Amino acid sequence: MKMSVDDFLTGRLYPDSVCYGYYNIDLHSYKKNEAFERPSGKLPEGVVPNVTYRAMCVKGFDNLLVAGRCASADRETMSALRVKSSCMAMGEVVGTAASLCKDGKVRSVDMELLKKTLKENGAIVPDRELFVPAE
C-alpha cells in the first residue's frame, strides 16, 4: 500500500500501523517558484502520522521488507518520512518482523505479535486506545 499525504495529514490509523512519522511535510523543488498542489508545512495540532507495515512490504515479493526512503509513499509523504527518526523506527519494525517471520513470507507476520514485540523492546507503537483525534 502506497502511503498517501491524506492518510499522513489526518493521522489515519490502520490495523497494520506499526510506527510513527516524526516530521512535517518538507518539500523541496529544483524548479524556481514551483507551486505544490498539496499542503506542506506543519501538521495540524493533535495529528500524529503513522506508517503502515504494508508500505514496507515490496510488491511482487513475499520475502522482502524495506525501510526508510525505500518505503512506499507519495512524494509529499516521503518528504516527511525520509528523516532519520522515521527511518530508524521503520528499520526497527522490519528487523523485528524478520525475526518473527518463520516461513519467509513477510506478509504472514502476526500483526498483534509484531506490535507486542516492538512494545516489549521499547518502541512507540500506534495504538487506537492512545489516539486522540484532532477536533
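From TYR30, TYR23, grab the single residue that is modelled with pLDDT under 90, aromatic (Phe, Trp, Tyr) and farther than 18 Å from ALA123 by Cβ.
Values: TYR23 fails: farther than 18 Å from ALA123 by Cβ.
Step by step, each of TYR30, TYR23 is checked, and only TYR30 is modelled with pLDDT under 90, aromatic (Phe, Trp, Tyr) and farther than 18 Å from ALA123 by Cβ.
Consider only pairs whose beta carbons are under 7 Å apart and that are at least six residues apart or on different chains; among these, list those whose first residue lies in segment 83-105 and is of a type in the set (S, T, N, Q) and whose second residue is assigned to a helix (DSSP H, G or I) and open to solvent by less than 50 Å² (accessible area, probe 1.4 Å). Matching pairs, first to second residue: THR96/LEU114; THR96/THR117; THR96/LEU118.
Taking segment 106-130 as the search range and keeping residues that are basic (Lys, Arg) and free of Cβ contacts under 8 Å to residues at least 40 places away in the same chain, which one is farthest from VAL47 (Cα to Cα)? First the steps, then the outcome.
Filtering segment 106-130 for residues basic (Lys, Arg) gives 107, 115-116, 119, 128.
Among the residues that remain, those that are also free of Cβ contacts under 8 Å to residues at least 40 places away in the same chain are: 116, 119.
Values: LYS116: 23, LYS119: 21 Å.
Checked segment 106-130; the qualifying residue farthest from VAL47 (Cα to Cα) is LYS116.
Can you tell me how many residues in segment 70-124 are open to solvent by 40 Å² or more (accessible area, probe 1.4 Å) and at positive phi? Adding up the residues that qualify gives 1. For segment 33-53, filtering for residues that are modelled with pLDDT of 80 or more and either open to solvent by 90 Å² or more (accessible area, probe 1.4 Å) or of a type in the set (Ser, Thr, Tyr) (or both) leaves 3.
The values are calculated or read from the model by the stated rules, or taken from the named source; none is laboratory data. If you're wondering where the values come from, they're calculated on a predicted model, not measured in any experiment. Reconstructed Cβ throughout: ideal geometry from the backbone, glycine too, with neighbour counts over all protein chains shown. Calculation scope for accessible area: heavy atoms of the full protein, side chains included, ligands and nucleic acids excluded. Shrake-Rupley method; radii C 1.70, N 1.55, O 1.52, S 1.80 Å.
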